[in-house]
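The values are calculated or read from the model by the stated rules, or taken from the named source; none is laboratory data. This one's a predicted model, so the numbers in the text were calculated from it and none came from an experiment. FYI the Cβ positions are ideal-geometry reconstructions off the backbone, even for glycines, and counts take in every protein chain you see.
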Amino acid sequence: MICPPIYILWSFLGRLLPLVGQDSRISHEAGKYALWLIPGLFSLKLLTRFL
């Protein structure tokens, strides 16, 4: 299942982006945005399973 690795990646996105050269303010906001996307990740998995 692909959800747990993406969940881990998205939860640490705010800390990982500065390591690849992204501005710290942008990476902080991107990390907050990614945290809001995590619940949709699991619901998308359920939706694609039944379609």
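Quick one: which of L17, L47, L9 is loosely packed, with under 13 Cβ neighbours inside 10 Å and more than 10 Å from the chain's Cα centre (by Cα)? Walk me through it before giving the result.
Details: L17 fails: loosely packed, with under 13 Cβ neighbours inside 10 Å; L9 fails: more than 10 Å from the chain's Cα centre (by Cα).
Only one candidate qualifies: L47.
Of all the residues that make up the range 20-44, how many are surrounded by 12 or more Cβ atoms within 10 Å (Cβ to Cβ) and of a type in the set (V, I, T)?
Summing the residues that are surrounded by 12 or more Cβ atoms within 10 Å (Cβ to Cβ) and of a type in the set (V, I, T) in the range 20-44 gives 2.
Please identify the pairs in which a residue from the range 27-38 that is over 13 Å from L9 (Cβ atoms) has its Cβ atom under 8 Å from the Cβ atom of a residue that is basic (K, R), counting only partners at least 6 apart or on another chain.
From the range 27-38, the pairs are S27/R15.
Can you give me the number of residues within the range 1-43 that are among the hydroxyl-bearing types (S, T, Y) and modelled with pLDDT under 90? Full working, then the answer.
Residues of the range 1-43 among the hydroxyl-bearing types (S, T, Y): 7, 11, 24, 27, 33, 43.
Of the ones still in play, those that are also modelled with pLDDT under 90 are 7, 43.
The total comes to 2.
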